[in-house]
1. Mind scanning Lys266/Lys405; Lys10/Lys90; Lys129/Lys221 and naming the pairs with a C-alpha gap bigger than 26 Å?
2. If each residue of separation counts as 0.36 nm, what is the full-extension length gain between Asp261 and Tyr86 once their alpha-carbon separation is subtracted?
3. Using the Cα centre of the chain as origin and beta-carbon charges of +1 (Lys, Arg) and -1 (Asp, Glu), tell me which of Gly218, Tyr144, Gly410 is placed farthest towards the positive end of the dipole.
4. Placing unit charges on C-beta atoms (Lys and Arg positive, Asp and Glu negative, everything else neutral), compute the dipole magnitude of the chain about its Cα centre in debye, rounded to 20.
5. Given Cβ point charges of +1 (Lys, Arg) and -1 (Asp, Glu) and nothing else, what value in debye, to the nearest 20, does the dipole of segment 1-83 about its Cα centre take?
6. Shape call for segment 144-189 from the C-alpha gyration tensor, a ≥ b ≥ c root eigenvalues: rounded (a/c under 1.5), prolate (a/b greater than b/c) or oblate?
7. Give me log10 I(q)/I(0) at q = 0.20 Å⁻¹ for segment 10-61, Debye formula, one equal scatterer per alpha-carbon, no solvent.
8. Starting from the Cα gyration tensor of segment 219-299, take the square roots of the eigenvalues, sort them a ≥ b ≥ c, and report rounded, prolate or oblate (rounded when a/c is under 1.5, otherwise prolate if a/b is larger than b/c, else oblate).
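Just so it is clear, none of the values below were taken in a lab; they were calculated from the coordinates. Treat the numbers as computed from the prediction; the structure is a model and nothing was measured. Please note: Cβ atoms are built from the backbone with ideal geometry, for glycine as well, and neighbour counts cover all protein chains shown.
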Amino acid sequence: MDKLLIDGGKALSGEVAMSGAKNAALPILCASLLTAEPVHFTNVPHLNDISTMLRLLGDMGVGVTMEGVDGLVLNGGGLNNPVASYEMVKTMRASILVLGPLVARGGEARVSLPGGCAIGARPVDQHIKGLQAMGAEVKVEQGYVHAKASRLKGARICTDMVTVTGTENLMMAACLAEGETIIENAAREPEVVDLANCLISMGARISGAGTDVIRIQGVDKLHGATHAIMPDRIETGTYLCAAAITGGDVRLLKTSAAYLDTVVDKLMDAGCEITVERDAIRLQAPKRLKAVSLRTAPYPAFPTDMQAQFMAINCVADGVATIRETIFENRFMHVNELMRLGANIQIEGNNAIVRGVERLEGATVMATDLRASASLVIAGLVAEGETLIDRIYHLDRGYERIEEKLARLGASVRRVR
Ligand code: UD1
């Protein structure tokens, strides 16, 4: 199993390009299931989660052709096996995103229930409830969701909580339903908007994406299109934190601050200077960061996917920060590992109280989930001596060539096989 060896203490500097967004690409690739015509994608990140999704779509009969460096053509014309097995869904929960498109286009889907994961229970009841409201007959048998509908019907759906993939699944399903669907309490995440834009370019009639009420007028058919995946705001935020903790000065290219308001605000509160350009962000860090408290919540509030990275920067900041996690019940798995590097963190329910220390010291730590792993990398970059991060397959799921990008910014990072 690969490990990452970091020799900490070097201030990051220079420029590096960000990749396409994983959490936009995953639903958008599933949108190809909604049409028999080829759909072209660009700015697709090279990540294990994307390879898993392509394998899943390929198993279903979707034609997959790579195009250039970061391009891809998916052809749903040969769709013949509307099944997502337990093996696939267990590897990647986002596999559930095939459910809505499959039922909408072919009238049937068998998708394994994802079950729990490292950060919490994460049920998919809202996805199921929404499809039932659209007239699908849904049975859960032997761990699989089996959904059928001759044609979905438009419905008014109000989800019990804000769910990102739930909103995406139902929005995709509604594109081919008969009549109008209204999704209330919809997720407003930029990735939902990127998916809506792709669907619209495929002929879907969607309005309100980016607000909490999305209206979809069903159409009979969608067609092929070309879509560029938006930049990854979480990757961008992660590199900003890496630069901030090391006292660095970096310029991140091919990205945008447009979806990073709360993250940029918090970094400025921590004492960083941020310059926003059209397709780039520059961060200049102070000698020592100030502690910043935060509370995670659905977009446009502070993203849960940046919580662990901010925990890391608070570990060495001046002062005490309270970090409150409100989305997932078990998303503090990085705390014990950060403490192995010398951090002072106390957990009280869903609050973590982080008392900044002067220095961290390198140690062997274990990655437990994707963003927890990112927090360990960030901490390792400032820790004195060597930090060895085990189980970095989590990182490879969501960060493209992380050691190469960090090395470009001057970090001493090496993959150990
Ligand atoms: C997506 C992101 C993930 C991010 C999360 C929250 C993708 C591929 N993943 O995950 O990176 O951390 O949003 O921003 O985009 N819930 C239910 N029932 C449901 C659906 C959700 O109870 O049917 C709960 C979840 O357990 C969680 C909360 O709602 O507590 C939000 O989850 P959700 O927004 O659905 O997360 P994902 O879409 O899985």
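1. Where the Cα-Cα span goes over 26 Å, the pairs concerned are Lys10/Lys90.
2. That pair, Asp261 and Tyr86, stretches by 59.3 nm at full extension.
3. Tyr144
4. Magnitude of the dipole: close to 180 debye.
5. The dipole of segment 1-83 has a size of about 160 debye.
6. Because a/c hits 1.5 or more and a/b fails to exceed b/c, segment 144-189 counts as oblate.
7. Summing over Cα pairs of segment 10-61 leads to -0.74.
8. Cα axes put segment 219-299 in the prolate bin.
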